[in-house]
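Every number here is computed from the coordinates shown, using simple stated rules; none is lab data. Note that the structure is predicted; figures quoted are calculated from it, not measured. We place every Cβ from the backbone using ideal geometry, glycine too, and count neighbours over all the protein chains shown.
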């Protein structure tokens, strides 16, 4: 019986050898860069010293986790990270859906392709360049926005020194970067909708708005739910690069997040154990969020990741 099972497994592997070969680079990537580094989590439970190494460093248990939770910066960091992620979902997640629905209604193919190309080009611009553009446009000295305001006799605004404006700047620039790229997924999902559903809706007297509402949206809803679950899972994984490039000590009260705090604590101050503990807390919280989001989606819509 064991030999028969081995024979079946070997046969299936032989039949799937080309698929396995295509899958191999992804497997190697995740094994080397996603799972192997998880060994470093042990540093969070040690008083790590680069001179002693990981194994020779003293065990300290949950010392750095207690230090994190007792730190007066913990609540502001959690609030800032959560709000930046939440606002990005509330405003940024629906944006590509709306653009995809509008593009799907455009019948002029040349104009449609032009809008698609222009909208997804920002996705290929690095965060360094995007951040530089933001700083240039919002500069109080010759920035395009302030020059426009001065044309109406208004005083220049120091955008990047106002904590209350940082979240709006971050989220709006993120929408500009990602809206076009996100529409590709939804437009692809729309191509899988049965055209007969649109024909049946027309026979029932449905106009373009009602077809969009009762055919297109339900047709792409499973894709929307899956992507929403993934976005919720990354709620606390707010983009590190752009925040680091845009924030400054004047905006720490709303801009400082776990990843930037980890960077300062771990790399700049050399407290690797503390930085690892922060990263581990962030990762566990994100894992619990994606589990909860998946459970809620499965209960409400019978659509989930697993």
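In terms of the Cα gyration tensor, with a ≥ b ≥ c the square roots of its eigenvalues, is the stretch 1-159 rounded because a/c is under 1.5, prolate because a/b exceeds b/c, or oblate?
In terms of gyration-tensor shape, oblate.
Mind running the shape call on the stretch 1-47? Use the C-alpha gyration tensor, a ≥ b ≥ c as the square roots of the eigenvalues: rounded below 1.5 for a/c, prolate if a/b tops b/c, oblate otherwise.
Note, shape of the stretch 1-47 comes out oblate.
Under the rule a/c < 1.5 gives rounded, and otherwise a/b versus b/c splits prolate from oblate, where does the chain land using the Cα gyration tensor?
oblate
For the ranges 109-121, 42-54, what's the packing order if you count other beta-carbon atoms within 10 Å of each residue, average per peptide, and put the highest first?
Highest to lowest by the protection proxy: 42-54, 109-121.
Could you calculate the FRET efficiency of residue 208 with residue 21 from 1/(1 + (r/R0)^6), where r is the beta carbon distance between them and R0 is 45 Å, rounded to 0.05?
0.45
What FRET efficiency comes out for residue 9 versus residue 47 if R0 is 41 angstrom and r is the Cβ-Cβ distance? Round to the nearest 0.05.
E(calc), rounded to 0.05, equals 0.30.
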